[in-house]
Amino acid sequence: MSEQDSWHGTTIVCVRKNGKVVIAGDGQVSAGPTILKGNARKVRQLGTGGVIVGFAGATADAFALFERLEQKLDRFPKQLARACVELAKEWRTDRALRRLDAMLIVADAKETFLITGAGDVLDPEHQVVAVGSGGNFALAAARALYDHVDDAEQIARRAMAIAAEICVYTNGNLTVEKLEG
C-alpha cells in the first residue's frame, strides 16, 4: 500500500469525570481519499463488562490485542494496570505481536491506560485521553469542555462531534461505552 493509500479513519476519546468513565469512537474507516466503511465499532466492553477499550489502527490487529488483553484480565482479575503492563510486554517482545499496528485506550471504573506496541503503558496526566487520526482534535475539545460540562458522556460526544467537523478521517457515527464507579 502506498502512502497515499494508507489506512486512516479513527478517533477515540476517553473522558473520566464525576465517577463515570466514557470511551467514544467514530465509525469511519478510510483508505486514502476513499471511505470504506462508516459504521465500524471501535469501542467495546471486555470480559464481564468491567473494562472498556477503544482502538486506533488495524482492526484485525486490535481484535488480536483485545483477545490477549482478556486473557491477561482473566489471569490478573481486578488488576487492570498489571494486565495492561503484561499485554504491553508481550506485544513488544513477541515476534508475531510486534508487527501489530494499533493503539488501545483501556479503562475500568478506577483507572485509564493508553497502550502502544512500543511497550508504553501510559496513565494519562489529565482525565481525558484520545488517539487516532482525529485524536488531537477530540483531545483539545474535551479538555476545553472539561471544566464547563459536568457529564463525561456529554463531553465525549461533543468532543467527537468537533473532531468530526475538523478531521476528514472522522465521522459522527459513534459507539459509546461507559462505566460508573
Of everything in the range 141-156, what is buried (at least 19 other Cβ atoms within 10 Å of the Cβ) and either out of contact with any helix residue (DSSP H, G or I) (no Cβ under 6 Å at 6 or more places or on another chain) or in contact (Cβ under 8 Å) with a residue 40 or more places away in the chain (or both)? Give them in sequence order. 142, 152, 155, 156
Do we have any residue at all in the range 39-53 that's loosely packed, with under 14 Cβ neighbours inside 10 Å, closer than 23 Å to residue 89 by Cα and modelled with pLDDT of 90 or more? no
Report, by residue number, each residue of the range 82-103 that is part of a helix (DSSP H, G or I), closer than 27 Å to residue 134 by Cβ and not hydrophobic (A, V, I, L, M, F, W, C). 92, 98, 99
(1) surrounded by fewer than 14 Cβ atoms within 10 Å (Cβ to Cβ); (2) in contact (Cβ under 8 Å) with a residue 12 or more places away in the chain: which one isn't true of residue 34, the others all being true? (2)
Regarding residue 170, is this residue of a type in the set (S, T, N, Q) and buried (at least 23 other Cβ atoms within 10 Å of the Cβ)? yes
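Which residues, taken from the range 12-65, are assigned to a strand (DSSP E or B), over 10 Å from the mean Cα position of the chain (by Cα) and among the charged types (D, E, K, R)?
If we filter the range 12-65 for residues that are assigned to a strand (DSSP E or B), which is where we start, we get 12-17, 20-25, 29-31, 34-37, 43-46, 51-57.
From what's left, over 10 Å from the mean Cα position of the chain (by Cα): 15-17, 20-22, 29-31, 34-37, 45-46, 51.
Listed by number, the residues that qualify are 16, 17, 20, 37.
Under 17 Å from residue 45 (Cα atoms), touching a strand residue (DSSP E or B) at 6+ places or on another chain (Cβ under 7 Å) and not basic (Lys, Arg): is that true of residue 138 in this structure? Please lay out each step first, then the result.
On the way: under 17 Å from residue 45 (Cα atoms): no; touching a strand residue (DSSP E or B) at 6+ places or on another chain (Cβ under 7 Å): yes; not basic (Lys, Arg): yes.
It is false that residue 138 is under 17 Å from residue 45 (Cα atoms), touching a strand residue (DSSP E or B) at 6+ places or on another chain (Cβ under 7 Å) and not basic (Lys, Arg).
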Looking at residue 157 and the list (1) in contact with a strand residue (DSSP E or B) (Cβ under 8 Å, 6 or more places away or on another chain); (2) among the basic types (Lys, Arg); (3) more than 30 Å from residue 35 (Cβ to Cβ), which single condition is not satisfied? (3)
Residue hits (the range 109-133; farther than 17 Å from residue 13 by Cβ and in contact (Cβ under 8 Å) with a residue 60 or more places away in the chain) are 109, 110
Is at least one residue of the range 59-69 exposed (fewer than 14 other Cβ atoms within 10 Å of the Cβ), within 30 Å of residue 166 (Cα to Cα) and in contact with a helix residue (DSSP H, G or I) (Cβ under 7 Å, 6 or more places away or on another chain)? no
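The values are calculated or read from the model by the stated rules, or taken from the named source; none is laboratory data. A quick note: this is a predicted structure, and the numbers were derived from the prediction, not measured. When we count neighbours, we look across all protein chains shown, and the Cβ atoms used for this are built from the backbone with ideal geometry, even at glycine.
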